[in-house]
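These notes concern the structure reproduced below.
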Amino acid sequence: MSGGTTSYTVETVKTSPFDGQKPGTSGLRKAVTVFQQAHYTENFVQAGLWAGLGDKLKGSVLLVGGDGRFFCEEAAHLIIRIAAGNGVSKIVIGKKAILSTPACSHIIRKYKLSGGFLLTASHNPGGPDGDFGIKYNTDNGGPAPEGVTNKIYELTKTIKEYKIVSNLKVDIGQLGTSKFTVGGEPFVVEVIDNTADYVEFMKQIFDFPAIKTFLQTKRVLLNAMNGVTGPYLRKIFVEEMGLPSDSCLNCEILPDFGGKHPDPNLTYAKDLVDIMKAGQHDFAAAFDGDGDRNMILGHRAFFVTPCDSLAVLAANLESIPYFRQNGVKGFARSMPTSEAVDKVAQRLGKDCYQTPTGWKFFGNLMDADKISLCGEESFGTGSTHIREKDGVWAALAWLSVLASTKKTVQDVLLDHWNIYGRNFFTRYDYENVSSEAGEKLIAGLEAFIKNPNSKGTTLTAPTGQKYKVAVADNFEYTDPIDGSVSKNQGIRILFEGGSRLIFRLSGTGSSGATIRVYVEEYVKSDNPSAYEQDAQAALGPLVAIALQVSKLRELTGRDQPTVIT
Ligand code: G6P
Ligand code: ZN
């Protein structure tokens, strides 16, 4: 394939700024219709190139990959044309612009690319009426740090023009390399296989033959939720591991994810939960739209919270060849994630870092070799093998643990709690409340934490349980590597005995505000009748206290959360 000898010229297009192009927790996410406005996507991509690459823009080599949602291919063509207009020398792109987020991170690292644009709104619904998103990742394969995203935002506020080669047409549906001449300089587009690099990498990290042997006597289900993981699941679990093809569900990538939320949790992956409840299967995993999130279930839909999943993997990393070879440094979790992993770290004598919400905060710790494994309550688990969280990796990690311990998922958890105690955990989300109500709720909690009498006060649930406040603050993080400070990362009310309440506003919503309430109740290991009880029952009293102290019902008018995870 080749672009022939046609020489293309660069156009400079006049534009003016759009409000609100501030990248959130994970890039810029908005309704598709917002991205479809003339110049909107162009402005953001141009700002991303300037801020992400600075004086390295000319001659850079960038990756483009997306989760296959509506508008991905159109955005990919725009990025190619704008990159060509800005002197980028080469674009590496997945066939039809499809690559999972973890695969993007791996490919940037493997081929030492300058960075990349990831086209996804993760687990948000897709389609013409759904969401779209663009995220810039740097040359370490991870999401751009705040220094870069703030710069992108600043540039979007003053942008006056962008550079583009608007008549450049590239066939991204065929593997191969196309060569063009733009303003006298060569410009190359290489279309690569969607799964090959990633699958080969997983084979290096895990003991595929051992997992394959283990799977011969097990029945498992893997649910792609019509997101990007479908082809990866088929390659790994059907072609490599020999599972029957009906063990991989919803593997066709659909631009609107079949009209559903491609988010692996008990609400949006309820179909899978229901199948698992029937008791025919030993293990199941589900993945989000772009393949970085995961949910793990055992026999009869035994649910592993992402917080416990992180802790169990931390305690069992020696079952994975990658960690036997590279050793295990410390661990990290986002602040709202339960302290279950801290307990493992303590016992193993490892460091455990607590970062703000957002995978980008793990990047520096990984690059500085401080941690080997990290995770978030928001169904994200990952390691130093890349700089994004990785859903398929997490499923393979769990299968490695099951294969080596020869235990069921439930027994792995029961044995874990027996050693460490149990951090019951739930998150209540109130989606699409007014920004005003969200801000009022946080302001009220600010007043609570600033009140000198709050510390030491005892909060009592309607059912009588008492919790004494040990610490109340707004979480602030100083990055131990670059010293950067991130303030106001969430209200924390920490109780004596290790239970916690956290409140924050989501940074990934695309309209209004989403209030997240994180509830954690710690039960010591010497109390099996307590740690074996139902999670929502165990958490009931603290949930009631959370609603009282935040005045959530009064301020939002909401009686029930939109989603409970
Ligand atoms: C994305 C990010 C995660 C983050 C999650 C929730 O998945 O990659 O790092 O934890 O969104 O973020 P939010 O700000 O909506 O709570
Ligand atoms: Zn995602």
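Annotations for the structure displayed:
- Whichever residue in segment 203-219 is in a helix (DSSP H, G or I) and touching an Asp or Glu at 6+ places or on another chain (Cβ under 8 Å) and, among such residues, is farthest from Asp390 (Cα to Cα): Lys212
- Failed criterion for Ser26 (all others in (1) at pLDDT below 95; (2) surrounded by fewer than 19 Cβ atoms within 10 Å (Cβ to Cβ) hold): (2)
- Inside segment 378-402, residues that are closer than 18 Å to Val341 by Cβ, aliphatic (A, V, I, L, M) and out of contact with any Gly (no Cβ under 8 Å at 6 or more places or on another chain) make up a count of 2.
- The residues listed here are Gly363, Gly349, Gly330; of these, the one that is at pLDDT 95 or above, touching a Lys or Arg at 6+ places or on another chain (Cβ under 6 Å) and not assigned by TED's automatic domain parsing to the domain that holds Asp479 is Gly330.
- Residues in segment 285-303 that are surrounded by 22 or more Cβ atoms within 10 Å (Cβ to Cβ) and touching a Gly at 6+ places or on another chain (Cβ under 8 Å): Ala285, Phe287, Asp288, Gly289, Asp290, Gly291, Asp292, Arg293, Asn294.
- So Ser319, is it among the polar types (S, T, N, Q) and within 16 Å of ligand 2 (Cβ to nearest atom): no
- Single residue of segment 325-338 satisfying the filter (outside any strand (DSSP E or B) and in contact with a helix residue (DSSP H, G or I) (Cβ under 8 Å, 6 or more places away or on another chain)) that is farthest from Ala224 (Cα to Cα): Val328
- Some residue of segment 333-351 being under 16 Å from Asp207 (Cβ atoms), within 21 Å of the chain's Cα centre (by Cα) and among the polar types (S, T, N, Q): no
- Qualifying residues in segment 126-143 (those that are surrounded by fewer than 24 Cβ atoms within 10 Å (Cβ to Cβ) and more than 15 Å from the chain's Cα centre (by Cα)) - the one nearest to ligand 2 (Cβ to nearest atom): Gly130
- Condition met for Ala51 (touching a helix residue (DSSP H, G or I) at 6+ places or on another chain (Cβ under 6 Å), within 16 Å of ligand 1 (Cβ to nearest atom), modelled with pLDDT of 95 or more and among the hydrophobic types (A, V, I, L, M, F, W, C)): no
- The one condition from (1) surrounded by fewer than 20 Cβ atoms within 10 Å (Cβ to Cβ); (2) among the charged types (D, E, K, R); (3) in a strand (DSSP E or B); (4) in contact with a helix residue (DSSP H, G or I) (Cβ under 9 Å, 6 or more places away or on another chain) that Asp559 does not meet is (3).
- Taken over segment 284-305, residues that are within 16 Å of ligand 1 (Cβ to nearest atom) and either under 12 Å from the mean Cα position of the chain (by Cα) or assigned to a strand (DSSP E or B) (or both) amount to 10.
- Just one of the listed residues (Gly289, Gly227, Gly279) is at pLDDT 95 or above and touching a Leu at 6+ places or on another chain (Cβ under 9 Å), and it is Gly227.
- Within segment 514-556, the set of residues being among the polar types (S, T, N, Q), touching a helix residue (DSSP H, G or I) at 6+ places or on another chain (Cβ under 7 Å) and at pLDDT below 90 comprises Ser525 only.
- Selection count, segment 372-384, where residues are buried (at least 24 other Cβ atoms within 10 Å of the Cβ), in a loop (DSSP other than H, G, I, E, B) and more than 12 Å from ligand 2 (Cβ to nearest atom): 1
- Some residue of segment 313-325 being surrounded by 22 or more Cβ atoms within 10 Å (Cβ to Cβ), closer than 27 Å to Lys487 by Cα and in contact with a Phe, Trp or Tyr (Cβ under 9 Å, 6 or more places away or on another chain): no
- Looking at Val344, Val392, Val328, just one residue is out of contact with any Cys (no Cβ under 9 Å at 6 or more places or on another chain), away from ligand 1 (no atom under 15 Å from the Cβ) and touching a residue at least 60 places away in the same chain (Cβ under 8 Å), and that residue is Val392.
- Residues that are exposed (fewer than 15 other Cβ atoms within 10 Å of the Cβ) and either under 19 Å from Ala76 (Cβ atoms) or touching a residue at least 24 places away in the same chain (Cβ under 8 Å) (or both) within segment 197-214 comprise Lys203, Gln204, Thr213, listed in sequence order.
- Gln37 being of a type in the set (S, T, N, Q) and either surrounded by 23 or more Cβ atoms within 10 Å (Cβ to Cβ) or in a strand (DSSP E or B) (or both): no
- Failed item in (1) modelled with pLDDT of 95 or more; (2) at positive phi, with Arg500 passing the rest: (2)
- Scanning segment 367-388 for residues being within 14 Å of ligand 1 (Cβ to nearest atom) and of a type outside the set (Ser, Thr, Tyr) gives a total of 10.
- A search for C-beta distances below 9 Å between a residue of segment 312-324 that is outside any helix (DSSP H, G or I) and any residue that is of a type in the set (Ser, Thr, Tyr) and buried (at least 20 other Cβ atoms within 10 Å of the Cβ), counting only pairs 6+ apart in sequence or on different chains, returns Asn316/Ser400; Ile320/Ser383; Ile320/Ser400.
- Hey, Tyr153 hydroxyl-bearing (Ser, Thr, Tyr), surrounded by fewer than 19 Cβ atoms within 10 Å (Cβ to Cβ), assigned by TED's automatic domain parsing to the domain that holds Gly24 and closer than 30 Å to Leu365 by Cβ or not: yes
- Residue in segment 127-150 that is basic (Lys, Arg) and closer than 23 Å to Pro264 by Cβ present: yes
The values are calculated or read from the model by the stated rules, or taken from the named source; none is laboratory data. The shown structure was predicted, so the numbers you read here are calculated from the model rather than taken from an experiment. Glycine also receives a Cβ, built like all others from the backbone with ideal geometry; neighbour counts cover every protein chain displayed.
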